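Student: Below is one structure. I have some questions about it.
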């Protein structure tokens, strides 16, 4: 679901219920439901859909209902079901499926507020009733925002990490080519800044340092397997300038290529 829909459509709170039991939930074509798992995990399946393991949240679109909420027989679970509709009616509200969040404490607090506002025993005046309705709508909007935003962020992070893993594999296979940070970032489909941060998070080092260490490691392997001149090996691993190779080799290994070869041939 896009934020364009969220901006143009108003979710209207209907009711909130808590449960620990397996049940089938169904609603009319204009009623949506949000399942929030408070403890344990659930298995949720829609009509003609495979069950999905849910540990945080799940949006039920009426198009795919009724929904079966299955609590594991050997474990306890507790969850909340919020029923709501959208305004204007028949708006293209497509929220459906598993939802993720890292703000579970915040969501739990807002659910408590939602229950308190809904279960108030006093008979409110008309003005107070309207205030309560607005408050419940705002709480619902905030909960939906958290789930939609953080689910999207986690999906983008997962996609970025997958791109980064592919990029590192590309570097490992094509280390002998001229590889630049802008080229690799463009190939991964992310900005140079984002690529730099992700690369450091995944590998623990910068792209340039990783590539440098990789090339020197490959050079050492070639030295150990073949009797080739150091200048030729430098070109094979991606160094156009032998003096740059020699300086980098000494920084990584602790000795020059010539000294390394001399010591290697003693073995």
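The values are calculated or read from the model by the stated rules, or taken from the named source; none is laboratory data. This is a predicted model, so every value here is computed, not measured. Reconstructed Cβ throughout: ideal geometry from the backbone, glycine too, with neighbour counts over all protein chains shown.
Student: Quick one: residue 224 ticks every box in (1) exposed (fewer than 14 other Cβ atoms within 10 Å of the Cβ); (2) free of Cβ contacts under 8 Å to residues at least 12 places away in the same chain bar one, so which box is it?
Tutor: The single condition residue 224 does not satisfy is (2).
Student: OK, next. Among the candidates 24, 80, which residue alone is surrounded by 14 or more Cβ atoms within 10 Å (Cβ to Cβ), touching a strand residue (DSSP E or B) at 6+ places or on another chain (Cβ under 7 Å) and part of a strand (DSSP E or B)?
Tutor: Details: 24 fails: surrounded by 14 or more Cβ atoms within 10 Å (Cβ to Cβ).
When all the criteria are applied, what remains is 80.
Student: Now for a separate question. Any idea how many residues of the stretch 156-175 are in a helix (DSSP H, G or I) and in contact (Cβ under 8 Å) with a residue 24 or more places away in the chain?
Tutor: Of the stretch 156-175, the ones in a helix (DSSP H, G or I) are 156-173.
Then keep just the ones that are in contact (Cβ under 8 Å) with a residue 24 or more places away in the chain; that gives 160-161, 163-165, 167-168, 171-172.
Number satisfying all stated conditions: 9.
Student: It is to be established whether one or more residues within the stretch 26-39 are assigned by TED's automatic domain parsing to the domain that holds residue 141, farther than 19 Å from residue 144 by Cβ and touching a helix residue (DSSP H, G or I) at 6+ places or on another chain (Cβ under 6 Å).
Tutor: Checked the stretch 26-39: at least one residue is assigned by TED's automatic domain parsing to the domain that holds residue 141, farther than 19 Å from residue 144 by Cβ and touching a helix residue (DSSP H, G or I) at 6+ places or on another chain (Cβ under 6 Å).
Student: Of the residues that sit in the stretch 110-135 and are touching a strand residue (DSSP E or B) at 6+ places or on another chain (Cβ under 7 Å) and modelled with pLDDT under 95, which one is surrounded by the most Cβ atoms within 10 Å (Cβ to Cβ)? Write out each step before concluding.
Tutor: Initially, the stretch 110-135 is screened for residues touching a strand residue (DSSP E or B) at 6+ places or on another chain (Cβ under 7 Å), giving 111, 114-115, 118.
When the remaining residues are screened for being modelled with pLDDT under 95, the result is 114-115, 118.
Details: 114: 20, 115: 14, 118: 14.
Here the answer is 114.
Student: Quick one: in the stretch 227-250, of everything that is assigned to a helix (DSSP H, G or I) and touching a residue at least 24 places away in the same chain (Cβ under 8 Å), which residue is farthest from residue 163 (Cα to Cα)? Steps first, please.
Tutor: First, the residues of the stretch 227-250 that are assigned to a helix (DSSP H, G or I): 230-236, 242-250.
With touching a residue at least 24 places away in the same chain (Cβ under 8 Å) added as a condition, the list becomes 230, 233, 236, 245, 248-249.
On the way: 230: 35, 233: 30, 236: 27, 245: 29, 248: 29, 249: 30 Å.
The extreme case among them is 230.
Student: Within the stretch 235-245, is there a residue that is touching a helix residue (DSSP H, G or I) at 6+ places or on another chain (Cβ under 7 Å) and on the phi > 0 side of the Ramachandran plot?
Tutor: Taking the stretch 235-245 as the starting set, the residues that turn out to be touching a helix residue (DSSP H, G or I) at 6+ places or on another chain (Cβ under 7 Å) are 236-239, 242, 245.
Filter again for on the phi > 0 side of the Ramachandran plot, leaving 238.
Taking every residue of the stretch 235-245 in turn, at least one turns out to be touching a helix residue (DSSP H, G or I) at 6+ places or on another chain (Cβ under 7 Å) and on the phi > 0 side of the Ramachandran plot.
Student: Right, next: Return yes or no: is residue 243 over 18 Å from residue 179 (Cβ atoms) and either exposed (fewer than 11 other Cβ atoms within 10 Å of the Cβ) or touching a strand residue (DSSP E or B) at 6+ places or on another chain (Cβ under 6 Å) (or both)? Please lay out each step first, then the result.
Tutor: Working: over 18 Å from residue 179 (Cβ atoms): yes; either exposed (fewer than 11 other Cβ atoms within 10 Å of the Cβ) or touching a strand residue (DSSP E or B) at 6+ places or on another chain (Cβ under 6 Å) (or both): yes.
So residue 243 passes the test.
Student: Does the stretch 187-206 include one or more residues that are touching a residue at least 40 places away in the same chain (Cβ under 8 Å), part of a helix (DSSP H, G or I), under 21 Å from the mean Cα position of the chain (by Cα) and not assigned by TED's automatic domain parsing to the domain that holds residue 119?
Tutor: As a first pass, look at the stretch 187-206 and keep what is touching a residue at least 40 places away in the same chain (Cβ under 8 Å): 202.
Filter once more, so that each one left must be part of a helix (DSSP H, G or I): 202.
With the extra rule that they be under 21 Å from the mean Cα position of the chain (by Cα), the set shrinks to 202.
Filter once more, so that each one left must be not assigned by TED's automatic domain parsing to the domain that holds residue 119: 202.
Within the stretch 187-206, one or more residues are touching a residue at least 40 places away in the same chain (Cβ under 8 Å), part of a helix (DSSP H, G or I), under 21 Å from the mean Cα position of the chain (by Cα) and not assigned by TED's automatic domain parsing to the domain that holds residue 119.
Student: Okay, next question. Between 171, 216, which is in contact with a helix residue (DSSP H, G or I) (Cβ under 9 Å, 6 or more places away or on another chain), farther than 30 Å from residue 156 by Cβ and modelled with pLDDT of 95 or more?
Tutor: Working: 171 fails: farther than 30 Å from residue 156 by Cβ.
Unique residue meeting the criteria: 216.
Student: Can you go through 91, 98, 48 and tell me which one is surrounded by fewer than 19 Cβ atoms within 10 Å (Cβ to Cβ) and in a strand (DSSP E or B)? Spell out the reasoning first.
Tutor: Working: 91 fails: in a strand (DSSP E or B); 48 fails: in a strand (DSSP E or B).
Checking each option against the conditions leaves just 98.
Student: Criterion first (part of a helix (DSSP H, G or I), outside the structural domain of residue 82 (by TED's automatic domain parsing), within 29 Å of residue 233 (Cα to Cα) and over 16 Å from the mean Cα position of the chain (by Cα)) does residue 178 satisfy it?
Tutor: Numbers: part of a helix (DSSP H, G or I): no; outside the structural domain of residue 82 (by TED's automatic domain parsing): yes; within 29 Å of residue 233 (Cα to Cα): yes; over 16 Å from the mean Cα position of the chain (by Cα): yes.
No.
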